[in-house]
1. How large is the helix-only mean residue ellipticity at 222 nm for the chain, computed as the sum of -39500 (n - 2.57) over DSSP H runs with n ≥ 4, divided by its residue count, in deg cm²/dmol to the nearest 500?
2. Can you give the relative contact order of the chain as a percent, counting alpha carbon pairs under 8 Å and 6+ residues apart?
3. Which percent, nearest 5, of DSSP beta bridges in the chain are antiparallel?
4. Express in nm, to one decimal, how much length is gained between K192 and Q125 on full extension, taking 0.36 nm for each residue of separation and deducting their alpha carbon distance.
5. Using θ = phi - 60° and the Karplus form 6.51 cos²θ - 1.76 cosθ + 1.60, what ³J(HN,Hα) does each residue of the stretch 171-183 get, whole Hz, x for Gly and Pro?
6. In a shell of Cβ-Cβ distance under 15 Å around G285, excluding G285 itself, what net charge do Lys and Arg (+1) and Asp and Glu (-1) give?
7. Nearest 20 debye, what's the magnitude of the dipole of the chain about its Cα centre given +1 on Lys and Arg Cβ and -1 on Asp and Glu Cβ?
8. Tell me, what is a quarter of the convex hull surface for the C-alpha atoms of the stretch 49-281, in nm² with one decimal?
Amino acid sequence: MNFDFDTLVNRNDSSLVEQFMDPAVRAHGGVSFNGAEPLYKTAPAIRNALIAMAENGRIGFTLMDDRYRNAVIWWMENVRGFKCSPDWIVPTLGTIHSVATAIKLLTVERESIIITSPMYNRYEQAARRLERNAVKCPLALSNGRYRMDFDAIDKAMSRTDTKLFILCNPHNPIGQIYGREELETLAELSQKHGMVVFSDEIFAENSLFGNKTESFLTVPKAETNCIVATSMGKAFGTTGFNHANMIIPDKRLREAFEDRRTREHYGSMDPVAYECLLAGYSQQGKDWIDASNKVLEANIEAVLSFFAENLPDVPVYGGDGGYILWADWRSRFQDEEALFDFLHHKAFLNVDAGSHYYSPIFTRFSLACPTRCVRSSLEDLFAAI
């Protein structure tokens, strides 16, 4: 089946991607590679479901039912590669909202969560807003890949004030997938210290180039103390409605999480999320994901090849999973202001600042867009250098 990945969606001024687009890039006619959401239309199955929903005219209270559970179970088995019990599924108001729920469940004020860096900044933001802290365990760069520093993680977990570890896999902003051995080591440490692991796997549908994202809950010793976040947001571009499913195998932890969620006035799920999930978590949705991943692979290959040939002193990491790449500009620029003056006003390239992920003078590329846009932007970058 043919899908349209060449048409840019129209975005109004309320779009987060548009609001963070530099005026010089907009005036040049460029697109934005910041903000992790696709710039092309979502799957036809989802668009058609929303049209049918609007024509039906019902936008009311919506609860999880067997159709919903079965769709999630089918997707996790056929796309994510693991079996999920219907009892494990906990709908929530989104991934970061669920991080906040887990923080409030497992910690008290002035206690801490553990994150690795570079890392998506909203985990720490959630902790800070709740008057908690974040202990950072920097990732170690070895042979062109970032790896968890387990000595640092072991030390951080041994602290009396740390109660929750945040895992992001595929990793945002690096775009790497952690291997089985690393996940097993993390699970052993979490068991040793009685630490709950919140595994953010919302990029896992976009596992590329033959890579596979193994869910943390499939790792021995992990099932009893993990909360796995799944979502349609990244893969299908549905980040505009706040919805996710937590997969929590352990009954005690699941019931405690659900109780905390309920006390935060969770009532029913977004009816739009319900209809989108039934439509997207289907064979038609899987076909679209498979096709979109081919586009992402072409875009990532184009960027990696360009930098290897034209900017060999700017290492670019990632490409395993998600549609993001992570570039290190420190050989060319001394500070982030100079870097973005060059990118915005000479190369007309709009990307995320590494300082948002605790790594100044790095940038994150979000490449879920028409391939022609990637090639056009690389031509502008070539002219600038």
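Read-outs throughout are calculated quantities, based only on the coordinates presented, and are distinct from any laboratory measurement. Please read these numbers as outputs of a predicted model, since none were measured by experiment. Here Cβ is always computed from backbone atoms with ideal geometry, including for glycine, and neighbour counts include all displayed protein chains.
1. My calculation for the chain gives -12000 deg cm²/dmol from helical runs alone.
2. In percent, rounded to a whole number, it is 24.
3. Taking every DSSP beta bridge within the chain, about 55 percent pair in antiparallel fashion.
4. So the extension gain works out to 21.4 nm.
5. 7, 10, x, 7, x, 9, 10, 6, x, 4, 4, 5, 5
6. So the environment of G285 carries a net charge of +1.
7. Value, rounded to 20: 640 debye.
8. For the stretch 49-281, the mean projected area of the Cα convex hull comes to 12.6 nm².
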